[in-house]
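Participant: One structure, pasted below without further comment.
The values are calculated or read from the model by the stated rules, or taken from the named source; none is laboratory data. Quick caveat, the model's predicted, so the values are computed rather than measured. All Cβ positions, glycine included, derive from the backbone under ideal geometry; neighbour counts span all protein chains shown.
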Amino acid sequence: MKHLRFLGKLSAATLLVFTVACGPSLTLTDVDYAQPMESVATPDQDGMVEDVRLGIRFDVTPMNVKEHGEGASLPEEVRFIRSRDGFYFVTAPGYTRVYVFEPDGRNLELYERIRVSEAGLANPAFNQRSPEIQLIDGDQEYRLTKDGLAN
């Protein structure tokens, strides 16, 4: 009988430890990460762009090297917007592509490169058109998703 009471106390104690250790779980669903307006930022001498309002700062140099090669001058401005799924769409005048990045901890990981112009964009501008991102460049309009051009 003593053994049964001890096992009962042990089981209750074990259950309590596991419950406290695991803690409650909480999931917030249907989060919309969309940034309503694009950000336009000027890279500093180190290639860093920042939007203080949104709390983001990143280096555009690796993207610029992909577009124009080592030693190319940085663009005068970089444009970016965040989709409702949390992906960042980034481009600049002179770029032939839109770069799509996925947040990963303290990194932005390249998810996709979307070719939109053979000659390079002249004056790109992003708009939020959920669930897509709209890119306008002069009289050209592109509908983008994280996976490429929308149909």
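Participant: Take the residues of region 69-93 that are out of contact with any Pro (no Cβ under 9 Å at 6 or more places or on another chain) and surrounded by fewer than 15 Cβ atoms within 10 Å (Cβ to Cβ): which is modelled with the lowest pLDDT?
Facilitator: Taking the candidates together, the pick is GLY71.
Participant: What is the residue count in region 136-151 for residues that are under 20 Å from ASP32 (Cα atoms) and aliphatic (A, V, I, L, M)?
Facilitator: Residues that pass the stated criteria total 2.
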